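*Asks:* Take this structure, written in structure tokens, and hold onto it; I'll ask about it next.
The values are calculated or read from the model by the stated rules, or taken from the named source; none is laboratory data. Since we're looking at a predicted model, the values are computed, not measured. For neighbour counting, all protein chains shown are included, and Cβ atoms are generated from backbone atoms with ideal geometry for every residue, glycine included.
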Amino acid sequence: MKRKTRSAMWGRSVLTLCALLLMASFAFAGRTKIAPDLRGVTPGSQVNIIVQFDKPVGPAMHEKVFRRGGKLQRELRLIRSGTYKLSASELSDLASDPDVVYISPDRAVHSLQTGSIVPAIDYHNETINSPAAWALGLNGNGIGVAVIDSGIASVPDLNSSSVVYSQDFVGDNGGSAADLYGHGTHVSGIIAGNGASSTGPGYSYTFQGIAQGVNLVNLRVLDSTGAGTDSEVIAAIQTAIQLQSTYNIRVINLSLGRGVYESYTQDPLCQAVEQAWQAGIVVVVSAGNEGRNDSAGTNGYGTITAPGNDPYVITVGAMNTMNTPDRTDDIPTSYSSKGPTLFDQVVKPDLVAPGNLIVSLYTAPETLNQENPGNEVPYSVYQTDGSGAPSPNYFVLSGTSMAAPMVSGTAALMLQQNPNFTPDQVKAILMLTAFKGLQQYSIAVDPVSGQTFDEEADIFTVGTGLLDAQAALANAVVPSGAFGSAMSPFATIDSSGNVVLVDGTPVSGATVIWGGSTPWADTVIWGGSLSGSDDAGQTVIWGGSTLESDTVIWGGSTEQGATVIWGGSTNQGATVIWGGSTTAAEAVIHGDKH
């Protein structure tokens, strides 16, 4: 790409991100104990709310709502909360109670897949190097993965032993956790499908899940239309934690989301996923499908959905494999939500995985199939001399919902290989080893409308890169005994007007990602080679050569072969992940020395 065009594109990104960060800062400054989407509710109308207290939820806390005419619907002990129905005219009075921390609506959540598409082989396993993991004998055996979604249907590629527990939180299907929508079955197939319906001499391609040996825990929170509520999702997360030791639940997959209305520190859904993370469960969340949303004039930036806006969880965006196993031609999908997050400016997504035209499992009666019958995969796609008739087993969907379970399946493989890994170590390794060689600029084309979208593989679009299962399993940078927090970094604006990355809160020594003094007035993202010394304030993010073949990810100053992830200053071969200063080959996770 010509230098002039490159500078123009970066200039647009700088202005967009600066505006977004400023808007978010102003919004954050005005927060109160009542969520913004409750403030315009008609007085006297009945609203379903989640009330967070500063004490464990119980009779004393319920009474605070009861005496204002409220009714309890569900206790959410995980986050010291309850779900209630209350008159909107009582909200201000309830908020004045000193034990009430925050009041928000019991908001609607939904699945994160897109509509009709053309079936084809997506080659996602080859793209993320799943076969290399299988060659090591890894299949996720013994690892429990909780799929909090629309349920799981009975299909041939998920044998009877795959789903070890099921529970319904919706109440619209006679207590059954069977999938009426089709989304949860598709997600589960990406994680654990065994390929039974496409295996044998008559097949040219086998559709397999990434971790075929995992134990699936089916927690149904989405109804036949793919909709649910915060309280249902929180109750399911609470159940997953309670069942953690029974089924060795090490991973939760959340291919769902909703808008962001407040800081993650107040959002009840974010508080719930943090509790699961702190309990030792890897939480993988879809980034959202709002990347084409320019309603705020941000070119799709700032559209990450909740709970993917939480800095603890692993937030996954979607890539298009271009229907080839060669990942160097992969491009970001135009619909994949981009960071930073609203209110807190967390740098998201953390990484990306294939999410476009993904083939997985379904059954004919499900709503998604009824609405999109053209998504059924013809036999001719994967059978030798197959007909054009639609398969009763395989279905195509696109979205960040499809990308998240690829990371969940890979996390299960990692935990089978290293059972002592913490969620933070899993996240750090996945991001460290993500493939960095993506195209910096690309054009995405909508196959239906023909509309084109200019895409940049920048920090807020693809995170640290494309999921690589083989590299994650081969990684030796993070010792099994290491510890620390792997919170995603935050973006802010420094005194010079540069967009910078910081660890938690604005601090000196932040890494400049847009602005500063560099060649052509832009920062190097996705690397390249910088001849000579690293001078004039240059910052290299995601690769490139600086001093003596250093690798720098998320900036920092290095010498003598150091590897830096998320900043910090190192020398003599030290390894730094998420900041800190080290010497003499020490390993540091989030600033903690080991």
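*Asks:* Is at least one residue of region 403-415 over 14 Å from the mean Cα position of the chain (by Cα), at pLDDT below 95 and either small (Gly, Ala, Ser) or over 20 Å from ALA486 (Cα atoms) (or both)?
*Replies:* Filtering region 403-415 for residues over 14 Å from the mean Cα position of the chain (by Cα) gives 412-415.
Narrowing the set further to residues that are at pLDDT below 95 leaves none.
Checked against the condition, which is being over 14 Å from the mean Cα position of the chain (by Cα), at pLDDT below 95 and either small (Gly, Ala, Ser) or over 20 Å from ALA486 (Cα atoms) (or both), region 403-415 yields no hits at all.
*Asks:* Would you check which residues across region 115-173 are part of a loop (DSSP other than H, G, I, E, B), out of contact with any Asp or Glu (no Cβ under 7 Å at 6 or more places or on another chain), small (Gly, Ala, Ser) and closer than 27 Å to ASN289 by Cα and list them?
*Replies:* GLY115, SER116, ALA120
*Asks:* Filter region 239-260 down to the residues that are surrounded by 19 or more Cβ atoms within 10 Å (Cβ to Cβ) and either within 19 Å of HIS110 (Cα to Cα) or touching an Asp or Glu at 6+ places or on another chain (Cβ under 7 Å) (or both) and list them by number.
*Replies:* Passing the criteria: ILE252, ASN253, LEU254, SER255, LEU256, GLY257, ARG258, VAL260.
*Asks:* Is there a residue in region 246-262 that is touching a Ser or Thr at 6+ places or on another chain (Cβ under 8 Å), assigned to a helix (DSSP H, G or I) and modelled with pLDDT of 95 or more?
*Replies:* Checked against the condition, which is being touching a Ser or Thr at 6+ places or on another chain (Cβ under 8 Å), assigned to a helix (DSSP H, G or I) and modelled with pLDDT of 95 or more, region 246-262 yields no hits at all.
*Asks:* Any residue at all in region 229-238 that's within 20 Å of MET414 (Cα to Cα) and touching a residue at least 40 places away in the same chain (Cβ under 8 Å)?
*Replies:* Residues of region 229-238 within 20 Å of MET414 (Cα to Cα): none.
Within region 229-238 (the criterion being within 20 Å of MET414 (Cα to Cα) and touching a residue at least 40 places away in the same chain (Cβ under 8 Å)), the answer is no, since none of the residues qualifies.
*Asks:* Cβ-Cβ distance below 7 Å, separation of 6 or more or different chains: which pairs start in region 374-397 with a residue that is in contact (Cβ under 8 Å) with a residue 12 or more places away in the chain and end on one that is charged (D, E, K, R)?
*Replies:* If the second residue must be charged (D, E, K, R), the pairs left are PRO390/GLU376; SER391/GLU376; ASN393/ASP157; PHE395/GLU376.
*Asks:* May I ask you to verify whether ASN194 is surrounded by 17 or more Cβ atoms within 10 Å (Cβ to Cβ) and in a strand (DSSP E or B)?
*Replies:* Numbers: surrounded by 17 or more Cβ atoms within 10 Å (Cβ to Cβ): yes; in a strand (DSSP E or B): no.
Judged against the criteria, ASN194 is not a match.
Table: residues versus (1) under 18 Å from GLN266 (Cβ atoms); (2) in a helix (DSSP H, G or I).
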{"residue": "MET61", "(1), (2)": "yes, yes"}
{"residue": "VAL65", "(1), (2)": "no, yes"}
{"residue": "LEU78", "(1), (2)": "yes, yes"}
{"residue": "THR83", "(1), (2)": "yes, no"}
{"residue": "PRO98", "(1), (2)": "yes, no"}
{"residue": "GLN113", "(1), (2)": "no, no"}
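*Asks:* Consider LEU112 carefully, then state whether it is of a type in the set (A, V, I, L, M, F, W, C) and either over 29 Å from SER336 (Cα atoms) or surrounded by fewer than 24 Cβ atoms within 10 Å (Cβ to Cβ) (or both).
*Replies:* Values: of a type in the set (A, V, I, L, M, F, W, C): yes; either over 29 Å from SER336 (Cα atoms) or surrounded by fewer than 24 Cβ atoms within 10 Å (Cβ to Cβ) (or both): no.
No: the conditions fail for LEU112.
*Asks:* Something else about it: Working carefully through the options GLY300, GLY308, GLY280, GLY291, find the one that is in contact with a strand residue (DSSP E or B) (Cβ under 6 Å, 6 or more places away or on another chain) and either modelled with pLDDT of 95 or more or not in a strand (DSSP E or B) (or both).
*Replies:* Values: GLY300 fails: in contact with a strand residue (DSSP E or B) (Cβ under 6 Å, 6 or more places away or on another chain); GLY280 fails: in contact with a strand residue (DSSP E or B) (Cβ under 6 Å, 6 or more places away or on another chain); GLY291 fails: in contact with a strand residue (DSSP E or B) (Cβ under 6 Å, 6 or more places away or on another chain).
Only one candidate qualifies: GLY308.
*Asks:* Going by what's in this entry, would PHE460 be described as on the phi < 0 side of the Ramachandran plot and buried (at least 24 other Cβ atoms within 10 Å of the Cβ)?
*Replies:* On the way: on the phi < 0 side of the Ramachandran plot: yes; buried (at least 24 other Cβ atoms within 10 Å of the Cβ): yes.
Yes.
*Asks:* Return the only residue of GLY280, GLY291, GLY297 being in contact with a Pro (Cβ under 9 Å, 6 or more places away or on another chain), at positive phi and of a type outside the set (Val, Ile, Thr). Quick ask: steps written out before the conclusion?
*Replies:* Working: GLY291 fails: at positive phi; GLY297 fails: in contact with a Pro (Cβ under 9 Å, 6 or more places away or on another chain).
None of the others qualify; the one that does is GLY280.
*Asks:* While we're looking at this one, here's another question. Tally up the residues in region 366-376 that are surrounded by 16 or more Cβ atoms within 10 Å (Cβ to Cβ) and either within 26 Å of GLY257 (Cβ to Cβ) or modelled with pLDDT of 95 or more (or both), please. Can you show your working first?
*Replies:* Within region 366-376, the subset surrounded by 16 or more Cβ atoms within 10 Å (Cβ to Cβ) is 366-369, 372, 375-376.
Checking which are either within 26 Å of GLY257 (Cβ to Cβ) or modelled with pLDDT of 95 or more (or both) leaves us with 366-369, 372, 375.
Number satisfying all stated conditions: 6.
*Asks:* Of all residues in region 380-403 being β-branched (Val, Ile, Thr) and not in a helix (DSSP H, G or I), which is surrounded by the fewest Cβ atoms within 10 Å (Cβ to Cβ)? Please lay out each step first, then the result.
*Replies:* Of all residues in region 380-403, those β-branched (Val, Ile, Thr) come to 381, 384, 396, 400.
From what is left, the residues that are not in a helix (DSSP H, G or I) are 384, 396.
On the way: THR384: 12, VAL396: 25.
Checked region 380-403; the qualifying residue surrounded by the fewest Cβ atoms within 10 Å (Cβ to Cβ) is THR384.
*Asks:* Looking at region 219-241, is at least one residue in contact with a Leu (Cβ under 7 Å, 6 or more places away or on another chain) and under 30 Å from GLY386 (Cβ atoms)?
*Replies:* No, region 219-241 has no match at all.
*Asks:* Now for a different question. Which of (1) over 19 Å from ILE237 (Cβ atoms); (2) without any contact (Cβ under 8 Å) to a residue 24 or more places away in the chain does GLU75 not meet, given it meets every other one?
*Replies:* Among (1) over 19 Å from ILE237 (Cβ atoms); (2) without any contact (Cβ under 8 Å) to a residue 24 or more places away in the chain, the lone unmet condition for GLU75 is (1).
*Asks:* Considering only residues that are at pLDDT below 95 and either of a type in the set (Gly, Ala, Ser) or closer than 20 Å to SER231 by Cα (or both), look in region 155-175 and name the one that is surrounded by the most Cβ atoms within 10 Å (Cβ to Cβ).
*Replies:* SER162
*Asks:* Cβ-Cβ below 6 Å, separation at least six or inter-chain, first residue in region 46-64 and acidic (Asp, Glu), second part of a strand (DSSP E or B): which pairs?
*Replies:* ASP54/VAL101
*Asks:* Of the residues VAL163, VAL145, only one is touching a residue at least 60 places away in the same chain (Cβ under 8 Å) and either of a type in the set (S, T, N, Q) or assigned by TED's automatic domain parsing to the domain that holds VAL359 (or both); which? Let's see the steps before the verdict.
*Replies:* Details: VAL163 fails: touching a residue at least 60 places away in the same chain (Cβ under 8 Å).
So the residue among VAL163, VAL145 that is touching a residue at least 60 places away in the same chain (Cβ under 8 Å) and either of a type in the set (S, T, N, Q) or assigned by TED's automatic domain parsing to the domain that holds VAL359 (or both) is VAL145.
*Asks:* Here's another thing I want to ask about it. Test LEU94 against the criterion of being closer than 17 Å to THR32 by Cβ, crowded, with 19+ Cβ neighbours inside 10 Å, in contact with a strand residue (DSSP E or B) (Cβ under 9 Å, 6 or more places away or on another chain) and not assigned by TED's automatic domain parsing to the domain that holds VAL163, and give yes or no. Reasoning before the result, please.
*Replies:* Numbers: closer than 17 Å to THR32 by Cβ: yes; crowded, with 19+ Cβ neighbours inside 10 Å: yes; in contact with a strand residue (DSSP E or B) (Cβ under 9 Å, 6 or more places away or on another chain): yes; not assigned by TED's automatic domain parsing to the domain that holds VAL163: yes.
Yes, satisfied.
*Asks:* Continuing with this model, one more query. Quick check: anything in region 247-256 of a type outside the set (Phe, Trp, Tyr), in contact with a Lys or Arg (Cβ under 7 Å, 6 or more places away or on another chain) and touching a residue at least 60 places away in the same chain (Cβ under 8 Å)?
*Replies:* Of the residues in region 247-256, the ones of a type outside the set (Phe, Trp, Tyr) are 248-256.
Applying the additional criterion that residues be in contact with a Lys or Arg (Cβ under 7 Å, 6 or more places away or on another chain) yields none.
No, the conditions are met nowhere in region 247-256.
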